[in-house]
1. Using the Cβ atoms and a cut-off under 14 Å, what net charge is assigned to the surroundings of residue 202, where Lys and Arg are +1 and Asp and Glu are -1?
2. What does the charge count around residue 329 come to, taking other residues whose C-beta lies under 14 Å from its C-beta (Lys +1, Arg +1, Asp -1, Glu -1)?
3. Could you order the peptides 134-142, 40-48, 166-174, 400-408 from most to least packed, using the average number of other C-beta atoms within 10 Å per residue?
4. Would you work out the relative contact order for the range 198-247, in percent, from Cα pairs under 8 angstrom that are 6 or more residues apart?
5. Which entries in 195/410; 195/346; 365/446; 225/446; 242/410 show an alpha-carbon gap greater than 23 Å?
6. Compute from the Cα atoms of the range 41-156 the Rg and the Dmax, the latter being the longest Cα-Cα distance, and quote both in angstrom.
7. Quick one: compute the contact order of the range 41-156, relative version, from alpha carbon pairs under 8 angstrom and 6+ residues apart, as a percent.
8. Can you return the aspartates and glutamates within cross-link range of residue 110? Criterion is Cα-Cα under 12 Å, with same-chain partners fewer than 8 residues away left out.
Amino acid sequence: MKKSIRVVLLSATALLMLPALASADYPPPTNPGVPTPRPGGAKTLKVCKKGCKYKTIQAGVNAAQSGDIVRVGTGTYKEQVTIEGHKKDAIKLIGNKVNPHKVFIDAKLKPNGVIINSADNVTVQGFSTSGYLANGFFAVHVSGYTMDNLIAMGTGVYGLYAFDSKGGTMSNSDAYYNTDAGFYIGQTPFQTTPKRSIATNLRSWGNVLGWSGTNMRYVTITKSKFFNNGTGIVPNALTSEKYPPEEDNVITDNDIMWNNWNYYKAGPFEATPSTSGIPYPIGVGILLFGGRRQSVSNNRVYGNWIAGIGLLKQISMAADSGTTKGRTSITNSEPIGATGDWTLDKPWNLEDNKIQNNVLGNGGKDLNARDLFYDGSGEGNCFKGNTRTAALNLPAFSETAFPTCVDGVKTDDTASPDSATEGVRWALGVKVSRGMIAYPTTSLGKLKPFPKCVDSAPAACGSVWNKKIKAPR
């Protein structure tokens with residue numbers, strides 16, 4: 001496989017592989033059973049290596065009833081933990097929230113570290129895991145979950161992941177060295193009365209994507225750090241999962257910096273694109289790939305070599321709408337829209353997204369190559385109050401190219417074919433031009449960017465990752 005990124009010819013159909021298409025094991029919903037709270041109230045079941053009734057985490061979970069606490073002692077547990085069905089609703093699986101490294105789930109060659117399937121309002125707190133083939137901590141087909149003080153150390157597909165679920169919280173957690181995304185919420189069903197999902201105080205680094213959200217909705221990402229990934233945050237619309245596009249999400253008050261990691265040159269996993277050898281995007285802070293009614297505000301975005309914040313129509317879905325196979329794929333994905341007719345709703349379009357009050361380029365000390373990119377497509381997309389410091393935007397900054405947000409005013413489609421073509425070339429990582437800007441020189445507390453990895457300095461590539469590198473503190 002080609003290890004360095006070069007110019008790659010790109011077609012619209014090739015784009016389908018881009019965000020969040022690595023394979024994952026999605027179990028079907030199980031027969032959920034009926035919650036059976038323990039008579040007399042919840043009990044605490046203890047798991048430990050010596051002196052406890054339960055020697056494995058799974059044994060403790062199997063014995064637990066709805067609402068019970070399973071408390072796990074210090075040690076290494078070589079297993080996948082499965083929490084399944086409504087009989088396990090509201091179980092609390094507790095390790096060491098002060099130091100999750102002390103309660104380690106060695107999931108080597110297992111699909112997941114912990115999987116919650118069809119059990120609502122389960123809490124998993126205070127664990128670390130690595131070695132999983134698919135997901136570190138995975139909630140699927142649930143209403144409500146809490147993932148707190150967790151560390152997902154790769155090198156599977158996703159670190160913390162919620163799929164086909166309603167509401168939940170991911171908090172105070174780290175994810176690194178995952179082959180797709182550190183954090184991911186996807187295929188969120190449409191809800192008349194939405195339950196929001198909250199992602200707060202997360203750190204995602206050393207992943208292909210810091211955050212991927214295929215067809216996610218009602219999600220707030222806040223007070224988190226996404227750095228040293230290939231790309232930072234990528235909410236996206238795809239037909240590989242149900243209910244496109246992504247909608248009604250909030251990305252606010254985050255630090256998104258240095259997302260330039262060339263994982264093809266140095267990484268703990270072999271980067272294998274899903275189709276045609278096309279690489280994943282590298283060098284973008286936030287990219288909205290399609291989507292409706294999303295707010296990106298009050299973030300600090302800097303040191304990204306391609307662009308800080310970008311908006312791009314989901315052009316592959318738009319192109320597929322003109323083919324028989326593509327129309328079938330779109331129909332099967334059950335797109336969400338006001339009319340129920342995707343030919344009218346056009347789930348690939350950008351609509352009513354607001355980019356406001358973001359600080360770009362760290363006051364000129366750590367520039368993005370371009371602060372803003374917008375292909376001009378869709379309606380109602382607007383920009384206001386963003387502090388720009390880069391010399392370039394794409395297209396050149398104007399109120400026509402980047403319409404100002406005004407209450408009650410819906411902006412028109414001003415799509416620029418030239419901007420869209422150029423945006424495809426760099427924003428989705430098919431071309432990485434080195435030397436466009438100076439290498440980031442700032443730091444954030446004790447966090448620093450990875451060394452620059454280029455052909456002329458191969459030693460730096462090797463220093464980006466080795467077995468001794470641990471999570472930054």
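1. Numbers: positive: 203, 223, 225; negative: 148, 174, 253, 255.
Once all neighbours under 14 Å are counted, the net charge is -1.
2. Values: positive: 242, 325, 327; negative: 241, 320, 334.
Once all neighbours under 14 Å are counted, the net charge is 0.
3. Numbers: 134-142: 26.9, 40-48: 14.7, 166-174: 21.8, 400-408: 13.0.
Packing proxy ranking, top to bottom: 134-142, 166-174, 40-48, 400-408.
4. Numbers: 106 pairs, mean separation 21.6, N = 50.
Relative contact order, the range 198-247: 43 percent.
5. Values: 195/410 27 Å; 195/346 25 Å; 365/446 17 Å; 225/446 13 Å; 242/410 28 Å.
Violating the 23 Å Cα-Cα cut-off are 195/410; 195/346; 242/410.
6. According to the Cα coordinates of the range 41-156, Rg and Dmax are 12.6, 39 Å.
7. Working: 350 pairs, mean separation 24.6, N = 116.
With pairs under 8 Å counted, the relative contact order is 21 percent.
8. The reachable aspartates and glutamates, counting only those whose Cα sits under 12 Å from residue 110, are 25, 79.
FYI, it's all coordinate maths here, none of it is from the lab. The model shown is predicted, which means the values in this text are computed figures rather than measured ones. Cβ sites come from the backbone with ideal geometry, for glycine too, and all protein chains shown count toward neighbours.
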